[in-house]
Amino acid sequence: MTNKILKTRNVRLYYGEKEALHGINLSYEPTGINALIGPSGSGKSTYLRTLNRMHDLTDYVTVNGTFTFKGQDIYAPNMDVVELRKEIGMVFQQPNPFPFSIYDNVAFGIRISGEKDKAILDERVETSLKQAAIWDEVKDSLHKSALSLSGGQQQRVSIARALATQPQVLLLDEPTAALDPVSSHKVEDTLMSLRDQYAMIIVTHSMSQASRISDQTAFFMDGHLVEVNATKKIFMNPDKQETQDYISGRFG
């Protein structure tokens with residue numbers, strides 16, 4: 001158990017008085033893809049956002065529990081949240097490039113860290129775009145607006161931007177939900193090519209996506225973690241009837 005990069009114990013989250021997450025226990029290996037599945041409103045994205053303190057931005061949310069990243073308490077008062085979010089990057093459902101060039105999008109987080117050396121910026125931008133499997137498509141138009149790209153390309157630039165700060169964990173909140181099947185497939189291929197380098201935690205509504213790309217799957221329902229196991233086991237032979245019902249479509 002000691003080699004887990006990220007551990008969460010007894011995670012409870014409240015919107016005002018209402019408890020939305022009920023004691024979630026999950027931990028993650030330093031590499032691999034972890035899928036969070038479950039019906040809408042089951043707490044998947046709510047839980048995902050606790051992992052890099054995205055809920056700090058909302059007044060009426062209270063988060064309790066133990067969150068340990070590389071042995072450090074994520075919610076410690078002295079935790080530098082900007083640094084934390086560089087190490088635990090996030091990619092959202094809607095591609096969200098900034099309204100400037102492809103190059104400046106990817107370089108954004110590196111520059112915030114204070115890096116000014118153009119050679120270093122160039123190298124990191126190129127490496128990140130290659131990791132996100134979009135370098136060949138944009139290398140001749142790095143100074144064009146990122147907003148001129150297709151949705152699928154924008155999402156891969158958003159992944160490159162998250163990778164540019166050299167994170168160790170990547171959070172992905174339904175990263176292909178807004179994309180067409182061809183673009184979704186490219187993003188999935190990108191994530192699978194990165195699985196040996198990062199711990200990735202992906203919220204998905206797509207059963208087929210979870211079964212195709214993830215190593216571990218956690219099933220959420222009504223703010224509870226029902227079951228977590230190797231993806232093959234969850235899809236072929238789950239321990240809980242609720243999991244079986246959800247996966248086989250007998251749910252609802």
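Values in this text are rule-based calculations from the coordinates and carry no lab data. Model, not experiment: these values are computed from the prediction. No Cβ is skipped: glycine too gets one built from the backbone with ideal geometry, and neighbour counts run over all protein chains shown.
With a requirement of 1 or more residues that are under 26 Å from residue 108 (Cβ atoms) and of a type outside the set (Lys, Arg), the strands (runs of 3 or more DSSP E) lying completely within the range 157-252 that satisfy it span 169-173, 199-203. Filtering the range 151-174 to residues that are more than 18 Å from residue 130 (Cβ to Cβ) and in contact with an Asp or Glu (Cβ under 9 Å, 6 or more places away or on another chain) leaves 151, 168, 169.
For the range 166-195, filtering for residues that are surrounded by fewer than 20 Cβ atoms within 10 Å (Cβ to Cβ) and under 12 Å from residue 34 (Cα atoms) leaves 2. Of all the residues in the range 4-46, those that are β-branched (Val, Ile, Thr), in a strand (DSSP E or B) and either more than 20 Å from residue 205 (Cβ to Cβ) or within 15 Å of the chain's Cα centre (by Cα) (or both) number 4.
For the range 89-105, filtering for residues that are assigned to a helix (DSSP H, G or I) and either free of Cβ contacts under 8 Å to residues at least 40 places away in the same chain or out of contact with any Phe, Trp or Tyr (no Cβ under 7 Å at 6 or more places or on another chain) (or both) leaves 3.
Looking across the range 49-75, the residues that are of a type in the set (A, V, I, L, M) and in contact (Cβ under 8 Å) with a residue 40 or more places away in the chain come down to 51, 61, 63. One residue stands out among those in the range 118-139 that are closer than 20 Å to residue 89 by Cβ and charged (D, E, K, R): the one that is surrounded by the fewest Cβ atoms within 10 Å (Cβ to Cβ), which is 123.
Residues that are over 18 Å from residue 95 (Cβ atoms), in contact (Cβ under 8 Å) with a residue 24 or more places away in the chain and out of contact with any helix residue (DSSP H, G or I) (no Cβ under 6 Å at 6 or more places or on another chain) are absent from the range 171-190. Within the range 82-117, being aliphatic (A, V, I, L, M) and surrounded by 14 or more Cβ atoms within 10 Å (Cβ to Cβ) holds for 84, 88, 90, 91, 102, 106, 107, 110.
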